[in-house]
Amino acid sequence: MSMKAAEIIWNSWKNGKKINTLPIELTPHNRTEAYEIQETLQALSNSEITGWKIAATSLDGQRHIGVNGPLAGRILKDKTFKPNDIAVLGNNKMAVAEPEFAFKIAKTLEPKNYLYSPDEVISLVEDLHLAIELPDSRFEDFSKVGEFNLIADNACAHQFVISSPIKHNWQTLDFSKHKVRIFNDNNLSHDGIGANVLGDPIIALTWLINELSQNNITLHKGMIVSTGTCALPLPIEQGNKITADFGILGLIDINIE
């Protein structure tokens with residue numbers, strides 16, 4: 001099942017043609033089946049995994065894609081950019097940019113039979129990075145297909161901009177109170193704050209680590225976890241320059257073509 005479902009999703013990702021639904025016999029019935037399809041999707045991409053993303057870390061985000069809680073997806077190396085690169089908008093139907101805190105994992109975390117706490121998780125972080133996510137779904141109406149299909153669809157992961165490690169002494173920051181702003185070169189902007197991400201980006205990171213562990217997935221050393229948007233997604237179009245300003249931590253940008 002996972003191979004055929006993943007082939008449909010990957011073909012849509014490649015050619016930009018959205019799909020309505022997966023055939024009933026290929027539709028995942030639980031998170032385990034959904035993550036198996038996602039894993040197969042990554043294999044079909046022939047791309048390494050840079051890390052993981054979290055979708056729907058706010059109530060607005062959950063309503064937007066029609067789910068009741070967060071979802072985890074893989075960040076593909078071939079879909080990852082450096083600041084000031086050019087990203088092609090193409091057939092991206094979501095067409096938004098999202099500012100996110102991202103954390104590099106210091107050690108490989110095998111699945112465990114207990115839940116990690118935020119205090120444990122902060123000690124598992126090697127570096128802080130700044131990120132902009134340009135999400136998309138391969139489904140025509142992503143708000144109607146449900147969480148299992150969206151996990152299979154890589155939790156709406158598409159393109160990412162990820163900075164170099166931040167040199168600031170970030171361990172002393174209260175991420176929940178840290179303000180973020182995303183804007184374009186036409187004076188459209190959205191303000192946000194770390195509390196918009198499950199209350200705190202560290203809580204979101206803890207959720208991701210536990211989600212993978214509970215679904216028997218290993219989180220490998222050196223992977224980067226992008227923890228979800230701190231602001232309302234900013235609409236993008238061709239010709240935009242998008243900038244995410246993280247205050248004392250710096251800013252990053254991406255050019256849209």
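Applying a threshold of 8 Å to beta carbon distances and a minimum spacing of six or more residues, or different chains, the list of pairs starting in segment 222-245 at a residue that is touching a residue at least 60 places away in the same chain (Cβ under 8 Å) and ending at one that is β-branched (Val, Ile, Thr) and assigned to a loop (DSSP other than H, G, I, E, B) reads THR227/THR57; THR227/VAL197; GLY228/THR57; GLY228/VAL197; THR229/THR57; THR229/VAL197; CYS230/VAL197; ILE242/ILE236.
Which condition number does THR172 fail, the rest of (1) among the β-branched types (Val, Ile, Thr); (2) modelled with pLDDT under 95; (3) within 17 Å of GLY51 (Cβ to Cβ) being met? It is condition (3) that THR172 fails. With a requirement of 2 or more residues that are charged (D, E, K, R) and crowded, with 23+ Cβ neighbours inside 10 Å, the strands (runs of 3 or more DSSP E) lying completely within segment 11-113 that satisfy it span 96-105.
Residues are listed down the side, and each one gets a yes or a no for (1) under 27 Å from VAL125 (Cα atoms); (2) more than 17 Å from the chain's Cα centre (by Cα):
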| position | (1), (2) |
| --- | --- |
| ILE8 | no, yes |
| TRP13 | no, no |
| LYS17 | no, yes |
| PRO23 | no, yes |
| GLU33 | no, yes |
| LEU44 | no, yes |
| GLU48 | yes, no |
| ALA56 | yes, no |
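A quick yes/no check of all residues on (1) within 30 Å of ASN184 (Cα to Cα); (2) modelled with pLDDT of 95 or more:
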| site | (1), (2) |
| --- | --- |
| THR57 | yes, no |
| PRO70 | yes, yes |
| ILE75 | yes, yes |
| GLU120 | no, no |
| LEU128 | yes, yes |
| ALA131 | yes, yes |
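Exactly one residue out of GLN171, GLN159 is surrounded by fewer than 21 Cβ atoms within 10 Å (Cβ to Cβ) and either more than 30 Å from LYS17 (Cα to Cα) or touching a Leu at 6+ places or on another chain (Cβ under 6 Å) (or both), and it is GLN171. Segment 129-235 holds strands (runs of 3 or more DSSP E) entirely within its bounds, and those carrying 1 or more residues that are closer than 29 Å to ALA43 by Cβ map to 159-162, 224-229. Does ALA95 count as hydrophobic (A, V, I, L, M, F, W, C), farther than 16 Å from TYR35 by Cα and within 13 Å of the chain's Cα centre (by Cα)? Considered against the rule, which asks whether it is hydrophobic (A, V, I, L, M, F, W, C), farther than 16 Å from TYR35 by Cα and within 13 Å of the chain's Cα centre (by Cα), ALA95 comes out as no.
Restricting attention to segment 68-91, the residues that are within 15 Å of the chain's Cα centre (by Cα) and of a type outside the set (Asp, Glu) total 12.
For PHE175, the requirement of being aromatic (Phe, Trp, Tyr) and over 18 Å from ILE105 (Cβ atoms) is not met.
The values are calculated or read from the model by the stated rules, or taken from the named source; none is laboratory data. Values in this document were obtained by computation on a predicted structure and should not be read as measured data. No Cβ is skipped: glycine too gets one built from the backbone with ideal geometry, and neighbour counts run over all protein chains shown.
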